[in-house]
Every structure is written in C-alpha cells, then in structure tokens.
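This report concerns only the one structure given below.
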Amino acid sequence: MLDRVGRFVEKRTVTIIAIAILITLIFSSFLPFINMSTSLNDFLPDSEVVRAERRVREYFGDSSSAIMVYIENDNVLKPSSLREIYNFSKEIGNFNCLSIAGLVDIICNIEYGKNLINCSDEEIINAFQDLMYEKSYEEIKIGENKKDGAKIYSAYVKENDTKIFFSIESFQIPKNSYRQEYEWFIEFNSKIGDNSVPYKISARDDLLPIWVFGAGLKENLKKRDKEENVYIWVFSNGTYFPVKLNESKFYTSGNRVVIEIDKDELGKFGIGKFGSMELPSKLTEIKIGLRKYKFPWFGFAIDEKIVGMDFLNHNISLKDIDKLWSEIDSLNSSFVLFLKPEFMDEMKNSALMILSKDYEKMKAKSTIVLFQINSSDFDSFYERLRNIKREEFKITGEKIISNEINEMTDKSNRIIGIGIFIAIAFLLFLDLRKISYVILSFAGLFISLIWTFGTMSILNINFNALYVAIMPLIMGLGVDYSIHLFHRYINERNNGKRAGEAIANAIANTGTALFLATITTCIGFLSFLTATIPPLRYFGFLCAIGIIYTFIVTITLLASVRYFIDKKDDFGLYEKKSFSFDFLIKKQTNFVVKKPKIVILFFSIFTIIMLFSMGNVKTGFRIEEFLPEESPSIKTLNKINENFPFFIQSEDYIIIEENVTKLKTLKEIKEMHKNMKDDEFILKTPDGGIKVLSVVSLIEDAVKKNRTIAEKFNIGEDGLPKSDEDVKNIYDYLYENKEYKNEIRRVLHRKNGEYDASLIIIYNNAISSGGDVNKNIEKFYNQLKEDILGNAIITGPTILTYTITSSLVKNQIKSTLICIILSIIILAIIYKDFILGFLNILPVGIASIWIVGSMALMNYSLNVMTIMVTSLTIGLGITYSIHITDRFRKSDKSKESMFEILSSTGSAIVGAALTTIAGFSMLIFSPMPPERQFGVIMCLTILYSFIASITLLPSILLLRKK
C-alpha cells in the first residue's frame, strides 16, 4: 500500500498539495471558536458520587462560588478601616456579601437607627463590642454594700438561654403582714443604642386580699393564702405601674433572695425584644434594694377587670402606687447586663470566621470580605472588582483561580510555542543541514496542529490547562516522522536515485516503521479512552488523532513538497549530507554488541531499585496546583489558610433521597449528627459544636428563636416532632415562612408538594488542615462512611477530589495494561511472531517502571497530567524499538548486522529523540507547576525509552538469536 502512496506522490504532487491546503483552510476556520476554561467540574469522573453531586445542584440550585477579598493593615477594626471596607462592599454592588463592616453596620442600624458610615467612631466601637460580647452563664457579683447597718450586703446575677437570676444577699430577710409589707426590687434602664427606658422588677410575699371589690361574694369567701409574686414596674406618664409576671418567680435560699425572671416575659415589655423580633438590650444603672410599703394595708383590693385593666394580671390595691413605697436599703451597680439575642451570637461566629487569628479586643491585622457569587453573575462581578483598585485588597477563590489558570494557560501556550519552535528548529538544522528541510518539517507540524485543534473545535471540546501538553506532544513526536523520512530520502539521493524514485523508496521503506509507530503510539493515547475522567479521554483522543494527522501529512504533503522542490535537480548529484549523531552512540554500540549479558544484568538491577522506589510515589489532585505558589490568588489563599482557622472550609454533603417527611428519616439525620461529633475534619463552631446544617439543626434553631413552634408542631424534648404528620406540618411551615425559607430550601427539596430529598451540609477543612492532603481527604471520607445511615450518599467538592484521586490510579493501571496488551497483539500479528512482539514492548515497559520510580525520587505526585506517563512511555518509546526491531528482523541477525543497524538507524533515532526531548523541555519553562513537572517527566520518558531501545533491546535480541 505504501508503494502506491509513493507512486501517487510522484504523479499527483500538485493535487496532494492543493487538497492539503484546502483541508487546512477548512480546519483553520474553526479555530476562533475554541473555548478555553479550566475548572474542577471538567475533571469529574462518571461515578455515583458525581451523579449525586449533580442531583444536589439540580435540587438545591448551583452552589455559588466563594470569592474572598483579603484585607491587611495595622488594624482592620479601626472605625476608619471599617468604613473603607463598608464602602468597598457597596462599590462592588448588590451581591451576597459577608464582611466585618457589614456585621457592625447591622448592629449600628439596630442600636442607633443609622448605618455605619453615619455613626461616630464611639458608636462604631460600641456596636463592634456588642457584636463580640461573650455571654457568660457563670454567676457574677455585681455589687457590694459596705455601709454600717446595711440590710443588703451583696448582689449577683446569672443568666441562661431562658432566664435571668438576680440574687440578693441580706443579713436578715423580713416577713410580711397586713400591717407591714416588704419587697425586693431591681431598678434599671433598658438601653438600646442611645434610647433608654426605666423599669423596676420587684418580688414579694403577697398576702392575698381579704376582700376584692367586684369579685363577688362566692369568690371572696374562698380561703386565701399568700403568693410569691414578681412584678415588672413599667414607667409611663411620669410614674410606674406594676404588671404581674406569671412565668417568673422568686424564692429564698439561706440568706439569699433569688428572683428568677423569664426572658420571654421580659420581651413582652420591649426588653430584649420588639414583638417577635429579638433586640440587643443593655440593663444599665442597676440598683438593687429592699423597700417597705408606707401605710398599713388591711387586705382590701379591686378586681382589675371591672376597671378595664386586665393586662395587670392582679387585683388593684394601694400597693400598686409606687410613691407609697419607701426604700429601706439599696446598693448601686456599675455592671451592665447585656441581653444578647441568639442571632447576634450567630453573627459573632461569622465575625470570628472572617477575623485573623491574632484578633484581640478591638484589634486585628487582617480580615476577609466574602462574596457568594452565582456563575451567571461572575463576569459582571469580576469586572467591577478589577475596576476598584486598592493595593491592600487581595482577591482569591475558586473562580478567581480558574480565571488565572485560563490566563496562565494562554501565556503558557505562547511560551511553549516559541520555545519549541526555537529548540526544534536548531536541532533540525543541525541534523538535516538545509533550511528547506527545517521549514518543511515545521510546515507539516503546524498543519497537523491546525487539523488537531480544528477537530477539537468541531467536537466542541473545551481547551483546558491539561491540553497545553498537546502541542509539545504532537510537535515532539511528529518531528520524528519528518526526520526518519528525510534521512531515508537523503540516503536514496546520495545513492544516485532521482527525486521521484528516492521519495517513493523513502515512503515505502520508512513508511512501514512509521505506520507501526503511529499505530502503537495511537494505542498508547487511545488507552486513555478507558479513563473515567473526561479530559483524559479527550486528551488521548486528540493526541491520537494529531499523530494520525502528522503521519498522513508527512507521507503525503511533506513528501510531495520535497519532491516538487527537488525534481528540477533530478539529474544532478545530490550532495546534501545530514549531520551524524554516530559519535553519541558509537562506544555504547560496541559494548552492547560485545557484552549483551552485562547490559541486561545492569538494567535488571536498576529496574529492581526503581521498583522499590515506585512504592513511595504519591497520588493527588487539586485545581490550585495548576498555578505557581507565587501567583497572587495562591499567595492570598495561603495567607488565608494560615491566618483564619475558622474560615477555610469546604462544603460537602450527605444527600437522602426518599420520602423525607417520615419521622424515621429525621431520627436518622439526628443520629448522623451525633455520629459526626468526633470526626476529625468537620469544623467546630467557636462554642464547640460541629458546623453542620440540616433540617434537624434548622428545626432546633427555629424552636430556640420561637418556643411556640414546639407546642404548635408537637416537638418533644429530643427536638423532633412526634409523628410523620407533625414532620410534614413543620416542613410546610418552615418552607413558606419568610424568616426560615431561604435556609430550609438549602437542605430540603419539594416537588409537587412532596418532600423527596434532604441534604446535610458538612463544613470541613480536610483540604486546608495541613499535612498529607490526600490522606486527610481519604480519612474524612472513610469517617463519613461510618457516620451515614440508610440510603444516604456522600458527595461534595472534597469528596469529588477524593473520587478523582482514586480514579487516577485505576485509570493508570487500566490504560497501561490495555496499551501493553494491544501493542503486543498488533506487533505479533505484523511480525507473525508473538515473542518478537513481546520483546519489542519489554524495554519500554521497563522504562515506564524507571520513570515512575524517578517521579518518587523527585517527589513528584501522580496528578491528572503525570498519571499519563506510563502509557505515554510505552506509546512514545515503542517508536524507537520498532525501528531497531524492524531492521533487525530483516537482517541476518548477526552481531555485525546489529552493529550496522545501531550505527545507521541509531543515528536517526538519536536525532528524533533529541528533537522530541527539545520539544518537551519547553514545558519546563511553563508558568504552571504541573506542566513543568510533565515536561521534566516526558524528557526523562523519551530519554529512558531511547536508552532502553538502543541498549537493552539489542542485547535481548542478540541473546534470543543465540
């Protein structure tokens, strides 16, 4: 067949050139439509974990991307710094933003009714201090009375989530009678910002009225006893009037009087609440005392209903007149009791996340402004961000990193393209010594690349960072084809052949080896079609199609153009002699032919050493690895990792897909919460809990904020509803309630009125916690597998990284075995000798062991680029073996023949290997670390394959002959 190709080239030269130009123009028209992008999603394999993650996005919406703005100065908490951060976030626009200035702004609005910009420095400082106030559930001594004859000598306060306890220590606790009434009181101002309202709380043993006017005879004849009542005295129209607190109480304990006040009940009077909304209230100017009713009280009262004052909750008497009470003793306290709402504790936790670990009181050196940006909004957001130039504000995040990778990919292409051109041009000229050969070789390579990338565009394959390696691969390998063809052509011309006959013979003789090399190289590349990672599959396909294009262009277009140029000198002596690399292989050729056993022994020992080294090679994948450590986004990310222990986190998920309105499902979710408490990499909140969001945690939060929910939906002490119906009812309530619907829809999916999926969001630092990232991720995944119950599936970005990493090794083993087996089968069929086919593969198979062992010694890991190395070693390196084996099997198989083969063919192989190494060496200048590593490894791959082919393979072939 190749004979006919040679004759067709001689007869239809112009036709071949015209067809090639036309095809090139067609492919060129598609190049502008190549889309460039690199993201984690590109590398996701087809697995249950990945499909579950896609369903998470389908049910709960595309997860927004976190963009982090790192801000550093002498103190980011100065009022001036907070104003600058606030203005910056407003300049960006209406995007979901979390910043320390934004949190302080909320408190400023609540306490002072104005935004942060309009607050004074003092107000900003007060707002921040209120935000960061640390609740204490310990008893605090708030006052002491050192006066002689004092009735009260000290006072204490203590609070929990629902109660406030005032304790008054007294030398003597007086007893009440109808003639002498005493009460303990706490006087204070409830302050929100600059607004202050006075209140009193009193507690006394109330002797019940002997007669209540308006209550009726029957009611008045009932036996009456005393009651221990607590009142709140509300200030209105210049005086106080008391309202009985039914949920509060007081009691004595030794020499202490303890007044226990219900917070919800206080909230009805605007202390800590306004309606159903919690507010931050400060109890200031506290005064604790004992007072006595001035006049005897003979037990007469009026029913509050008959005077329309039901809200007082008690019968009206003269004791309700504040001025009729006389103070006996008191003590004043400077202590301020801050009733901090639950939502402010949540805000405080958020603040701690975005403040650097050196934060203390009103000082921190750095902070983060966090933006959550949907994919559709990113371009407009990024444009605004770039237009706001502040040197101290540094940006990072997944989308920013992805953008930098795309820019770096474009830069890398330019560097590599120019470098490859210079390196290959130099070696081609050194080898072939004629500028027309150099230009023609490059023309063939560029046409092959145009066809390859045109195919990429036609098939709508995105160009990502991995595909930067396609150009050096095709150029480095494709140049071998032109070198071998032109070397043979030059030899034919030097032997006196006409240009037409010489080119036909070159195609016929060299073409067989090139065809075999193309097939085996394509097998190496196409073995990646078994990979579960899509970019690896596309990479293998594009490289294979590129090599096929290169083979076709070489034996048709290049041969035609060469003949077209030289046919005018068809009758003259062809004096061109190529440069010989014989001096590089002469000594080793003699040694191999004379001492093949020693050669085999040496490489056997070397292979054993590398086998042991292979065990230390690591596997890993992170999209950030495509950028160098000195890139702005990576430097910023490293600073954040170092300085923000509560911030750096990943969101991973447990998805439950079933009818989730069953109580059984809620119990399983709660049980999973308990199981996760001791997991190493799940983040802890500043209060010590685990940072996990689920429908269970949201129900618990809702009950804390509004205790009536527990009664309304029959929620028990375990925090769960008591029936499937109750579960459905509370889901419906939360799903439609303005306060809860945004959060509940993050973890609960409803379709056609049915709740069919629930999500547990797990915040973790498996990637950012330091140490061996891959081991951390594996441990995190295994711990979660032990935690889950029922039909739950684990997924999320960290788990996807683990999935990619795990699939890398499987892909490597599978593709390497396929490559070896298919190459042996094809070579055995062509050679009609299975052993010869196997021996042809053996040296490059051994070379793949050397390269993986070398990776371990250089501390390189197997990632999405370097994972291809073993298959590529076989697919690329076998080219050299084929040229040696093909010549040897056609010879008399003597030592003299092997010496002649190595001397002649070996020189061309050296030139081909050097140009290929020169091509791959340009990757070393890439700004992207994985590509630099890939360049180093591929240079070693070609070197090892070359050495194995011209030393180990000849030694094995000679011993086989014996």
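The values are calculated or read from the model by the stated rules, or taken from the named source; none is laboratory data. Everything quoted here is computed from the prediction, not taken from an experiment. As a convention, Cβ positions derive from the backbone with ideal geometry for all residues, glycine included, and neighbour counts pool all protein chains shown. What goes into the accessible areas is simple: the full protein's heavy atoms, side chains included, and nothing from ligands, DNA or RNA. Shrake-Rupley method; radii C 1.70, N 1.55, O 1.52, S 1.80 Å.
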Discussion item. Being farther than 30 Å from LYS704 by Cα, at pLDDT below 90 and open to solvent by 50 Å² or more (accessible area, probe 1.4 Å) is the requirement here; does GLY93 meet it?
Written reply: no
Discussion item. If PRO45 satisfies all but one of (1) open to solvent by 50 Å² or more (accessible area, probe 1.4 Å); (2) touching a residue at least 12 places away in the same chain (Cβ under 8 Å); (3) in a loop (DSSP other than H, G, I, E, B), what's the number of the condition it fails?
Written reply: (1)
Worksheet item: Does LYS775 meet the test of being under 27 Å from the mean Cα position of the chain (by Cα) and within 30 Å of GLU625 (Cβ to Cβ)?
Response: yes
Worksheet item: Exactly one of (1) within 55 Å of the chain's Cα centre (by Cα); (2) within 17 Å of SER334 (Cβ to Cβ); (3) not acidic (Asp, Glu) is unmet by PHE165. Its number?
Response: (2)
Practice prompt. Being of a type in the set (A, V, I, L, M, F, W, C) and touching a helix residue (DSSP H, G or I) at 6+ places or on another chain (Cβ under 7 Å) is the filter; apply it to the range 443-462 and report the residue that is farthest from PHE426 (Cα to Cα).
Written response: ILE461
Item to complete: Could you tell me whether the range 905-919 includes any residue that is surrounded by fewer than 24 Cβ atoms within 10 Å (Cβ to Cβ) and more than 22 Å from ILE841 (Cα to Cα)?
Response: no
Discussion item. Among the listed residues GLY540, GLY511, identify the single one that is on the phi < 0 side of the Ramachandran plot, surrounded by 22 or more Cβ atoms within 10 Å (Cβ to Cβ) and modelled with pLDDT under 75.
Written reply: GLY511
Item to complete: Determine the pairs where a residue that is assigned by the TED database to the domain that holds ASN126 and open to solvent by 80 Å² or more (accessible area, probe 1.4 Å), located within the range 360-385, has a partner that is in a helix (DSSP H, G or I) and β-branched (Val, Ile, Thr) with Cβ atoms under 7 Å apart, the partner being 6 or more residues away or on another chain.
Response: ARG384/ILE92
Fill in: Failed criterion for ALA301 (all others in (1) at pLDDT below 80; (2) more than 21 Å from LEU208 (Cα to Cα) hold)
(2)
Worksheet item: Are any residues in the range 941-962 of a type in the set (A, V, I, L, M) and open to solvent by 30 Å² or more (accessible area, probe 1.4 Å), and if so, which ones?
Response: LEU943, ILE947, LEU959
Worksheet item: For ILE699, all conditions in the list (1) among the β-branched types (Val, Ile, Thr); (2) closer than 25 Å to PHE343 by Cβ; (3) open to solvent by 10 Å² or more (accessible area, probe 1.4 Å) hold save one; what is the number of the exception?
Response: (3)
Discussion item. Against the definition (open to solvent by 20 Å² or more (accessible area, probe 1.4 Å), modelled with pLDDT under 85, farther than 20 Å from TYR653 by Cα and in the same structural domain as ILE656 (by the TED database)), how does LYS738 come out, yes or no?
Written reply: yes
Worksheet entry | Residue check for TYR731: open to solvent by less than 10 Å² (accessible area, probe 1.4 Å), outside any helix (DSSP H, G or I) and touching a helix residue (DSSP H, G or I) at 6+ places or on another chain (Cβ under 9 Å) | no
Worksheet item: So which residues in the range 181-223 are open to solvent by 40 Å² or more (accessible area, probe 1.4 Å), at pLDDT 80 or above and not β-branched (Val, Ile, Thr)?
Response: GLU187, LYS191, ASN195, SER196, ASP205
Practice prompt. Name every residue in the range 482-495 that is touching a residue at least 24 places away in the same chain (Cβ under 8 Å) and either open to solvent by 10 Å² or more (accessible area, probe 1.4 Å) or farther than 21 Å from VAL910 by Cβ (or both), in order of residue number.
Written response: HIS484, HIS487, ARG493, ASN494
Worksheet, complete the sentence: Scanning the range 138-170 for residues that are among the basic types (Lys, Arg) and outside any loop (DSSP other than H, G, I, E, B) gives LYS141, LYS158, LYS163
Discussion item. Being in the same structural domain as LEU98 (by the TED database), surrounded by fewer than 20 Cβ atoms within 10 Å (Cβ to Cβ) and under 26 Å from the mean Cα position of the chain (by Cα): is that true of GLU407 here?
Written reply: no
Worksheet item: Can we say ASN782 is free of Cβ contacts under 8 Å to residues at least 40 places away in the same chain and either within 25 Å of the chain's Cα centre (by Cα) or in the same structural domain as LYS670 (by the TED database) (or both)?
Response: yes
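Here's the yes/no breakdown for (1) over 22 Å from MET362 (Cβ atoms); (2) basic (Lys, Arg):
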{"position": "ARG57", "(1), (2)": "yes, yes"}
{"position": "GLY61", "(1), (2)": "yes, no"}
{"position": "ALA66", "(1), (2)": "yes, no"}
{"position": "ASN75", "(1), (2)": "no, no"}
{"position": "ILE85", "(1), (2)": "no, no"}
{"position": "GLY93", "(1), (2)": "yes, no"}
{"position": "ASN96", "(1), (2)": "yes, no"}
Worksheet item: Among the numbered criteria (1) open to solvent by 40 Å² or more (accessible area, probe 1.4 Å); (2) in contact with an Asp or Glu (Cβ under 6 Å, 6 or more places away or on another chain); (3) not polar (S, T, N, Q), which single criterion is violated by GLU58?
Response: (2)
Item to complete: Working carefully through the options ILE470, ILE503, find the one that is β-branched (Val, Ile, Thr), within 24 Å of VAL869 (Cα to Cα) and open to solvent by less than 10 Å² (accessible area, probe 1.4 Å).
Response: ILE470
Item to complete: Hey, can you tell me all the residues within the range 446-468 that are part of a helix (DSSP H, G or I) and under 25 Å from the mean Cα position of the chain (by Cα)?
Response: ALA465, LEU466, TYR467, VAL468
